[in-house]
């Protein structure tokens, strides 16, 4: 019989929610922090930790003060600050830590990918991928950094976000769509057709929830300016929920 553990999950992803459900079903006491996630996240199984964690010091206090046995970093692959804080806080608190990361997407036959480091480089590279008259550029990187679109006023953009965008860059043709995935192939095909998508700017988030847009780009021979992932945190890591559940045992 598995000895119940007190587990803190740094969440905000589908994998984190699946882990919370699986670990709860296995008899563990599960807490999930959604700091840095959307304003209206889907509530996971177990107990929810609301609000900012307070950086390394705050996370360390939470781990030690509440007596957690394990820490799982199941945040978004691009949540660099939270992941770095998790590494240091776990060391200070003496709590074993593992990172749960879904595998990245990889380019396949028919893909037209341009690997870039960030949104700024994607916009610099954009003329190699599509001409302004070809259609709209689908920006699927979230609501942050959209002011950078001002660097390409000759292009038209369609931006899809979960959260509202307070300010859009002036002098740029931007269509803003608020919607929450996952999106299936049929929905993405319709989106690409409706907005005459000519290129995609996306983060290499991996997983299946946001993959349909990559598949549609492949079908349509549309270029994807793919923002590479930051380096993974050091230490143990897993790519599947069941691997983490086994680690808890």
Note to self: On the basis of being within 23 Å of residue 13 (Cα to Cα), touching a strand residue (DSSP E or B) at 6+ places or on another chain (Cβ under 9 Å), in the same structural domain as residue 216 (by TED's automatic domain parsing) and loosely packed, with under 14 Cβ neighbours inside 10 Å, does residue 164 make the cut?
What the structure shows: yes
Notebook entry, point to check: Which residue out of 78, 68 is assigned to a loop (DSSP other than H, G, I, E, B), over 19 Å from the mean Cα position of the chain (by Cα) and touching a residue at least 12 places away in the same chain (Cβ under 8 Å)?
Noted result: 68
Note to self: Can you report the number of residues in the stretch 52-65 which are free of Cβ contacts under 8 Å to residues at least 12 places away in the same chain and in a loop (DSSP other than H, G, I, E, B)?
What the structure shows: 1
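A quick yes/no check of all residues on (1) more than 29 Å from residue 118 (Cβ to Cβ); (2) modelled with pLDDT under 95:
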{"position": "4", "(1), (2)": "yes, yes"}
{"position": "28", "(1), (2)": "yes, no"}
{"position": "48", "(1), (2)": "yes, yes"}
{"position": "51", "(1), (2)": "no, yes"}
{"position": "63", "(1), (2)": "yes, no"}
{"position": "67", "(1), (2)": "yes, no"}
{"position": "72", "(1), (2)": "no, no"}
{"position": "80", "(1), (2)": "no, yes"}
Next item on the list: Identify all residues within the stretch 191-215 that are out of contact with any strand residue (DSSP E or B) (no Cβ under 8 Å at 6 or more places or on another chain) and in a helix (DSSP H, G or I); write none if there are none.
Entry: 193, 194, 212, 215
Next item on the list: Evaluate the stretch 180-188: report whether one residue or more is assigned by TED's automatic domain parsing to the domain that holds residue 147, outside any helix (DSSP H, G or I) and in contact with a strand residue (DSSP E or B) (Cβ under 6 Å, 6 or more places away or on another chain).
Entry: no
Next item on the list: Answer yes if at least one residue in the stretch 102-123 is in a loop (DSSP other than H, G, I, E, B), over 18 Å from residue 226 (Cβ atoms) and at pLDDT below 95, and no otherwise.
Entry: no
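The values are calculated or read from the model by the stated rules, or taken from the named source; none is laboratory data. On a predicted model such as this, the values are computed, not experimentally measured, just so you know. Cβ coordinates were reconstructed from backbone atoms using ideal geometry, including for glycine residues, and neighbour counts include every protein chain displayed.
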